[in-house]
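Remarks on the structure that follows.
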Amino acid sequence: MLLVFLGSCSGRQSALDPAGVEAEKMAELFWLMAGGAALIWVLVLGTAFYATRVRPRPHGEHVGRMLILGGGVAFPLVVLTSLLIYGLALMPELRAPGDGLKIRVSGEQWWWRVAYYRPGSDAPVHAANELRLPLGQRVELELDSPDVIHSLWIPPLAGKVDMIPGRTTRLVLEPTRTGTFRGVCAEFCGASHALMAFMVEVMEPEAFAAWLESEAAPARPAKDALARQGADLFLELGCGACHTVRGTEARGPVGPDLTHVGSRLSLAAGIMPNEPDAFARWIAEAEEIKPGSRMPSFNMLPARELDALAAWLESLQ
Ligand code: CUA
């Protein structure tokens, strides 16, 4: 049982298995507080045991007064003040500025709009539902939302920060090891709040630079016949009114940018595998899979058209 319990402390979505400077500091604070709380718990139970079992007889008024003043006033005052000072002292470090790369993330219903701003360039690189971060660099995230409050939380990397309509909040991340992690929305934001996740890939700086370069490029033309048919269908069906695929006529600003959707680590904001079958299922059943989603279910499409669309989207690497 204990093993099962402790097993949940490691892994790609655990704040107790930190992979970033910010999360390490918060994990330290957590262990300090958990240790302190355990100590106080033992102390209180020990005193209760002593008073009821070891010496179960009335105690003098002086002892009682000392216990109340010492244990009830002085002790909490010292403990809580030191914790406050320790916690406040962490904040300037957590909010220290980044090394240059900025990422703007907007919480949408129910997915993530992502734009990378490289240092020295003001042309954003648009992406969605995934974050890629370079190892060992402090990256600044600017967070907002067009409609309701969301909260971005990548437990192994940092604490959560709310995304508030009409306001830009900041989060600075400095990953300390490469790997794939999982982030979630940590603020109830509507029917599909629990279906709003994303993958985070921490990469070596060179690999990250190469990835960002390819992400900035327009979509490559479809190679095989099925994918080409899918590309034509995408435009015929009007998908381009909501989605952008750079390098094609699809320039819709409503839904996620799909220029390199096939290369992402998941589909539909962290809830499905990135596979042709999942693409077909998502297109046909979006409203059922993610209730309240603005993506309509295209369940009137015959299977071969869904397959063609899926083949094209999967080929958008
Ligand atoms: Cu977005 Cu909860």
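Determine the calculated [θ] at 222 nm for the chain from helices alone, applying -39500 (n - 2.57) to every DSSP H run no shorter than 4 residues and normalising by the residue count; nearest 500 deg cm²/dmol.
On the way: 8 runs with 113 residues, N = 317.
Dividing the helical sum by the residues of the chain leaves -11500 deg cm²/dmol.
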- prompt: Which ³J(HN,Hα) values in Hz, rounded to whole numbers, follow from the phi angles of the stretch 216-226 under the Karplus curve 6.51 cos²θ - 1.76 cosθ + 1.60, where θ = phi - 60° and Gly and Pro get x?
  reply: 6, 6, x, 5, 7, x, 4, 8, 8, 5, 4
Debye log10 I(q)/I(0) at q = 0.08, 0.16 Å⁻¹ for the chain, Cα point scatterers: -0.48, -1.33
task: Lys and Arg at +1, Asp and Glu at -1: add these up for the other residues within a Cβ distance under 13 Å of ARG118 and post the number.
output: -2
message: Restricting the calculation to Cα positions, tell me the Rg (one decimal) and the Dmax (whole number) of the stretch 202-317 in Å.
response: 14.1, 45
field: On Cα atoms only, tilt of 21-49 relative to the major axis of the chain in degrees
entry: 30
field: Reachable lysines from LYS102, criterion Cα separation under 24 angstrom, eight or more residues apart if same chain
entry: LYS25, LYS160
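Bear in mind that the values in this text are calculations on the coordinates, not laboratory data. This is a predicted model, so every value here is computed, not measured. Methodologically, a virtual Cβ is constructed for each residue, glycine included, from the backbone with ideal geometry; neighbour enumeration extends over all protein chains shown.
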